[in-house]
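The block underneath contains the structure these notes are about, expressed in structure tokens.
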Amino acid sequence: MKTVEVKPDICWVGAIDWDRRLFDELIPLPDGTSYNAYLIKGSKKTALLDTVDPVKTHILMDHLKEVGADIDYIIAHHAEQDHSGSIPEVLKHYPHAKVICTSKCKTMLIDLFHISEDKFIEAKDGDTLSLGNKTLEFIHAPWVHWPETMFTYLKEDKVLFTCDFLGSHLATSNLFVEDENRVYEAAKRYYAEIMMPFRIPIRKNLEKISDLTIEIVAPSHGPVYDNPEFIINAYREWISDDVKDTVVIPYVSMHGSTVAMVDYLVDALMKKDVGVKPFNLSVTDIGELAKALVDAATIVIASPTVLGGAHPSAVYAAYLANALRPKSRFVSIIGSYGWGGKTVEQLKEMIKNLKVELIEPVIIKGHPGKEDFKMLDEMADKIYKKHKNIIKKR
Ligand code: FEO
């Protein structure tokens, strides 16, 4: 992709990673991603906002050559390497450039890249930097999703640069959002995987930018928003305490007993018009599971007992849910065992971060029969009633 103008003298100079399929060796990227870097040419000085993942440094450098940049400042919003990884190379080509970032970010960049301390200028919250006819304001925004993060607001053009925050892992040839539905899904998935554990700090950061007049939100992954309300409102919805009338069921089954329970529970919930999203952990994309956790009222983990405890895939799902801290209100556990074990105790112990009420688990011996299905009917009824109490829909 060539460089593209966001607004006059504000240029996208990043890189698209069409083929990347995994982030942090953990998060699936079905749509690839982009590392957005932006060049702002003021009448006196030029600033580069973020860089790109080290595997794409050559593309960034080509783009900088193409726009004929002479960089005075590198604004580092976030120390994670997909945005900071090309800073050493940029500094090599523009040795007089200074890196501007928060003091925490400076420490991290020194730790990661051994950049010399005299290359840095610390940006305090609310500091401004003049590029001549353009003014950058730095806004500290900790915990989106590391502690050192900040945004930049370009006052004259009313552009807010947010790095990871409000972004999406979506490789596309369109600089701006073309299809809001597609971007909504990608941004929700991104929020689920990266931002959801920080739902409460995000509230403060959204509040902090609420007085700004924003015409464009330019994140460092995915398309740029020329309708900022679209993504800001989506975030407001995701970080709110409101949950949806949905049950997420991550499950695994070894010989068909647990899945028979899952199938029955799914049907029982559907008969009551409760939304259900089952995820077979043997084949599921964990990003989709994370996305479903963003607003589901209830999680039911379904696992057979193996070697005295939960199946490792169910352990993984419980660990993930605990780490992502969704706002779900209820949780339960179902599953089958052969001769005994501590599946419920083990899984309960693993989800202590979740502020949830436990609905009585249904753990049965062998393949489910009539009495077991009755217990699942009762569980479906409890879930229906609990949802009814907290969700305005009905
Ligand atoms: Fe896109 Fe936290 O890095």
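The values are calculated or read from the model by the stated rules, or taken from the named source; none is laboratory data. Keep in mind the model is a prediction, meaning the values are calculated, not measured. FYI the Cβ positions are ideal-geometry reconstructions off the backbone, even for glycines, and counts take in every protein chain you see. These accessible areas exclude ligands, DNA and RNA; they are computed on the full protein's heavy atoms, side chains included. Shrake-Rupley method; radii C 1.70, N 1.55, O 1.52, S 1.80 Å.
Do we have Thr51 as over 30 Å from Leu289 (Cα atoms), within 16 Å of the ligand (Cβ to nearest atom) and assigned to a loop (DSSP other than H, G, I, E, B) here?
Criteria met by Thr51.
Can you tell me how many residues in segment 312-332 are open to solvent by 40 Å² or more (accessible area, probe 1.4 Å), at negative phi and not small (Gly, Ala, Ser)?
Total satisfying the criteria: 4.
Could you tell me whether any residue of segment 201-212 is in the same structural domain as Thr51 (by TED's automatic domain parsing), open to solvent by less than 20 Å² (accessible area, probe 1.4 Å) and within 30 Å of Val362 (Cα to Cα)?
no
Please indicate, with yes or no, whether at least one residue in segment 280-298 is at positive phi and out of contact with any Leu (no Cβ under 6 Å at 6 or more places or on another chain).
no
Being within 26 Å of the chain's Cα centre (by Cα) and part of a helix (DSSP H, G or I) is the filter; apply it to segment 111-126 and report the residue that is surrounded by the fewest Cβ atoms within 10 Å (Cβ to Cβ).
Asp111
Being of a type in the set (Lys, Arg), at pLDDT 95 or above, surrounded by fewer than 16 Cβ atoms within 10 Å (Cβ to Cβ) and over 16 Å from Phe161 (Cα atoms) is true for just one of Lys92, Lys104, Lys56. Which residue is that?
Lys92
If Trp143 satisfies every condition in (1) open to solvent by less than 30 Å² (accessible area, probe 1.4 Å); (2) closer than 21 Å to Leu324 by Cα but one, which is the exception?
Failed condition: (1).
Could you list all residues from segment 146-171 that are of a type in the set (D, E, K, R), open to solvent by less than 10 Å² (accessible area, probe 1.4 Å) and over 23 Å from Arg182 (Cα atoms)?
Matches in segment 146-171: Glu148 only.
Could we say that Thr246 is under 30 Å from Ile359 (Cα atoms) and either buried (at least 17 other Cβ atoms within 10 Å of the Cβ) or within 17 Å of the chain's Cα centre (by Cα) (or both) here?
Values: under 30 Å from Ile359 (Cα atoms): yes; either buried (at least 17 other Cβ atoms within 10 Å of the Cβ) or within 17 Å of the chain's Cα centre (by Cα) (or both): yes.
Spelling it out, Thr246 is indeed under 30 Å from Ile359 (Cα atoms) and either buried (at least 17 other Cβ atoms within 10 Å of the Cβ) or within 17 Å of the chain's Cα centre (by Cα) (or both).
Being in a loop (DSSP other than H, G, I, E, B) and away from the ligand (no atom under 14 Å from the Cβ) is the filter; apply it to segment 26-37 and report the residue that is surrounded by the fewest Cβ atoms within 10 Å (Cβ to Cβ).
Let us first name the residues in segment 26-37 that are in a loop (DSSP other than H, G, I, E, B), namely 26, 29-32, 36-37.
Then drop every residue that is not away from the ligand (no atom under 14 Å from the Cβ), which leaves 30-31.
Numbers: Pro30: 12, Asp31: 18.
Ranking the candidates gives Pro30 first.
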